[in-house]
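The values are calculated or read from the model by the stated rules, or taken from the named source; none is laboratory data. Keep in mind that this is a model prediction, so the values were computed, not measured. Note that we place each Cβ from the backbone using ideal geometry, even for glycine, and neighbour counts take in every protein chain shown.
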Amino acid sequence: MLIKRVLRTYPLFLLFFLVTASSRADVLQVYDFEDPDLHATQWSAVTVPQGDNALTANGIAETAVIPSGYDLGSIQGDRIIRTWNRGLGNPAVVIGDGPTGGIRTAPFTLAANATFDYLIGGGNHAWPVGGDPDAIPADVTVLNLEAEVGPGDWEVLFTATGPDANNLHAESWDASAHAGRTVRLAIYDTHVAGWGHIDVDNIVYSGDPIPEPSSILLLALGALSFTVLGWSRRKKRA
């Protein structure tokens with residue numbers, strides 16, 4: 001009965017609240033790679049077809065420090081994912097296109113109206129059509145958004161590669177059609193020859209926030225207050 005009274009008495013108020021809430025998209029996660037320990041930011045190293053992992057050092061995944069004066073264009077901060085110089089730029093480790101590697105985020109549920117904005121550069125070695133992330137192919141330098149199909153079974157929803165240039169440029173994905181699916185981000189470098197590296201920075205994941213219980217309570221209290229106020233005014237007029 002109360003809900004019917006609220007809807008009948010203040011339909012425009014409720015419509016305004018619902019439209020405002022549904023049209024809002026928040027930044028839900030930023031992967032800026034400024035923390036040298038990728039494990040602390042929900043990334044884990046994965047096995048790739050070739051040899052060592054360019055994104056691990058002593059078992060701890062790390063981000064690359066960009067040397068002073070080295071122009072990669074629009075990088076954010078001091079660190080990025082860059083498989084051309086392994087680890088933290090230690091001169092004792094291999095530097096060049098030979099090292100390979102891969103990292104993935106922990107799985108998460110994709111929000112409604114989800115988008116991903118990111119900076120990418122490096123080698124142009126695209127993910128093959130029909131490529132299976134459960135068996136990472138050779139000769140790729142990519143950033144992927146992958147979705148779970150079944151237990152231990154994943155597919156690629158979106159993929160991006162570099163343009164055979166080191167200057168990072170902005171790209172984006174609209175993943176709104178996949179809301180509610182279990183997904184993960186992945187970066188792979190399995191190409192060992194020319195332009196065999198990938199540069200990624202500042203992945204921004206945005207989407208509709210999950211309503212907090214407090215927000216729902218405030219809506220209910222606000223609607224109840226308006227309803228009681230309306231009843232009081234009608235009684236006074238009577």
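What the table below lists for this structure:
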quantity: Of all residues in region 87-110 being of a type in the set (A, V, I, L, M) and either outside the structural domain of Asp189 (by TED's automatic domain parsing) or assigned to a loop (DSSP other than H, G, I, E, B) (or both), the one that is modelled with the highest pLDDT; calculated: Leu110
quantity: Residue within region 134-144 that is in the same structural domain as Ala114 (by TED's automatic domain parsing) and more than 13 Å from Gly102 (Cα to Cα) present; calculated: no
quantity: Unmet criterion (only one of (1) outside any strand (DSSP E or B); (2) of a type outside the set (A, V, I, L, M, F, W, C); (3) at pLDDT below 95) for Gly121; calculated: (1)
quantity: One residue from Ala147, Ala193 being assigned by TED's automatic domain parsing to the domain that holds Asp35 and surrounded by fewer than 17 Cβ atoms within 10 Å (Cβ to Cβ); calculated: Ala193
quantity: Residue, nearest to Ala135 (Cα to Cα), within region 157-195, restricted to residues that are outside any loop (DSSP other than H, G, I, E, B) and touching a Pro at 6+ places or on another chain (Cβ under 6 Å); calculated: Arg184
quantity: Qualifying residue in region 210-226 (condition: at pLDDT 95 or above and hydroxyl-bearing (Ser, Thr, Tyr)); calculated: no
quantity: Odd one out for Asp134 among (1) surrounded by fewer than 14 Cβ atoms within 10 Å (Cβ to Cβ); (2) at pLDDT 95 or above; (3) not basic (Lys, Arg); calculated: (2)
